[in-house]
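Presented below is the structure to which this report refers.
The values are calculated or read from the model by the stated rules, or taken from the named source; none is laboratory data. What you are looking at is a predicted structure, and each value in this text was computed from that prediction instead of being measured. Cβ coordinates were reconstructed from backbone atoms using ideal geometry, including for glycine residues, and neighbour counts include every protein chain displayed.
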Amino acid sequence: MDTLQAFVLGIIQGLTEYLPVSSSGHLTIGSYFFGLEDGESNLMFVIAVHLATVLSTLVILWKDIVWLIKGCLKFQWNDEMKYLVNIIISMIPIGIVGVFFKDAVEEVFGSGLFVVGLMLLLTATLLTFSYYAKPRQKENISMKDAFIIGLSQACAVMPGLSRSGSTIATGLLLGNKKEKLAQFSFLMVIPPIVGEALLDCLKIAKDGYETAMAGISPISMLVGFLAAFVVGCLACKWMINIVKKGKLIYFAIYCAIVGSICVISSL
């Protein structure tokens, strides 16, 4: 992977981590068209750009994070503590899948264009349902809803099934308000991404850094990291406004088109 490829893939990661179009799926598509291996040789790059988007989330939502920390430090059962508990509850399904089943899922289903295409079509379906469904609006995200939204995040280990698209669409179908869903969706994803990065780092430490770094230079990795961070900041802020305005149907159309192209290209 050269510097230009790392720059482009960093932009793709930063943009698609927050837009409901699947970052993992688009990294697979980008790697395919660049002729790059989508696997162990690029693992360090994948870790770097994912951590870059976590950092961009912290930057954009820092006021909400400070609000949570200050509230929890009061050691009272207040709104902040309830919110944090909901985030922890939402992490349970992805924690179980990530630790015990992620490798099995990847082994069974793979991560090629055909699977990515099918999952993008599924993402399009979810977004379409959430756009047209009109459930009764709830004032706050309940613990039950947090767990169900967490289940949808766990399903998004499939490459091409958008993490943000799945969680936001599920929350909308459950009747949660658009204004609160984007914030919750982006905050709940921070611990799983960091946890996944730590597991991958342990895997790299076990297998050796040579393989994980074989496909990219440190300069290219830095370029990819910075590109993912800057674009991620812009995309995170943009996506929050998009969810509030309820414009997810356009992403459903996009996922349907790209998913169809991937499926056809893989045949």
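Miscellaneous remarks
- Failed criterion for residue 77 (all others in (1) at pLDDT 85 or above; (2) assigned to a helix (DSSP H, G or I) hold): (2)
- Candidates 163, 136, filtered to the one that is touching a residue at least 60 places away in the same chain (Cβ under 8 Å) and charged (D, E, K, R): 163
- Taking residues in region 250-267 that are under 20 Å from residue 239 (Cβ atoms), and partners anywhere that are loosely packed, with under 13 Cβ neighbours inside 10 Å and modelled with pLDDT under 90, not one pair has Cβ atoms closer than 7 Å while being at least 6 places apart or on different chains.
This table checks each residue for (1) in contact with a helix residue (DSSP H, G or I) (Cβ under 7 Å, 6 or more places away or on another chain); (2) over 23 Å from residue 221 (Cβ atoms); (3) charged (D, E, K, R).
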| position | (1), (2), (3) |
| --- | --- |
| 4 | no, no, no |
| 33 | no, no, no |
| 48 | yes, no, no |
| 83 | yes, yes, no |
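- Region 90-114 - residue that is at pLDDT below 85 and among the β-branched types (Val, Ile, Thr) and, of those, farthest from residue 236 (Cα to Cα): 108
- Looking only at region 227-238, and only at residues there that are surrounded by 17 or more Cβ atoms within 10 Å (Cβ to Cβ) and either in contact with a Ser or Thr (Cβ under 7 Å, 6 or more places away or on another chain) or modelled with pLDDT of 90 or more (or both), the one that is nearest to residue 187 (Cα to Cα): 236
- Any hit, region 40-53, residues being closer than 23 Å to residue 234 by Cα and surrounded by fewer than 18 Cβ atoms within 10 Å (Cβ to Cβ): yes
- Close Cβ contacts (under 9 Å, 6 or more residues apart or on different chains) running from residues in region 6-20 that are farther than 13 Å from residue 34 by Cα to residues that are assigned to a loop (DSSP other than H, G, I, E, B) and modelled with pLDDT under 90 comprise 15/21; 16/22; 16/162; 17/189; 19/162; 20/162; 20/248.
- Identity of the residue in region 214-225, aliphatic (A, V, I, L, M) and surrounded by 17 or more Cβ atoms within 10 Å (Cβ to Cβ), that ends up nearest to residue 46 (Cα to Cα): 221
- Some residue of region 16-24 being assigned to a helix (DSSP H, G or I), surrounded by 17 or more Cβ atoms within 10 Å (Cβ to Cβ) and among the hydrophobic types (A, V, I, L, M, F, W, C): no
- Looking across region 160-181, the residues that are among the hydrophobic types (A, V, I, L, M, F, W, C) and surrounded by 23 or more Cβ atoms within 10 Å (Cβ to Cβ) come down to 161, 168, 169, 172, 181.
- Matching residues in region 175-205 - criterion: being within 25 Å of residue 130 (Cα to Cα), small (Gly, Ala, Ser) and not in a loop (DSSP other than H, G, I, E, B): 182, 185
- Checked against (1) in contact with a helix residue (DSSP H, G or I) (Cβ under 9 Å, 6 or more places away or on another chain); (2) within 24 Å of residue 144 (Cα to Cα); (3) at pLDDT 85 or above; (4) not in a helix (DSSP H, G or I), residue 87 passes all but a single condition, namely (4).
Residue-by-condition table, conditions (1) of a type in the set (Lys, Arg); (2) within 24 Å of residue 168 (Cα to Cα); (3) over 14 Å from the mean Cα position of the chain (by Cα):
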residue	(1), (2), (3)
3	no, no, yes
15	no, yes, no
21	no, yes, no
24	no, yes, no
29	no, yes, yes
45	no, no, yes
58	no, yes, yes
71	no, no, yes
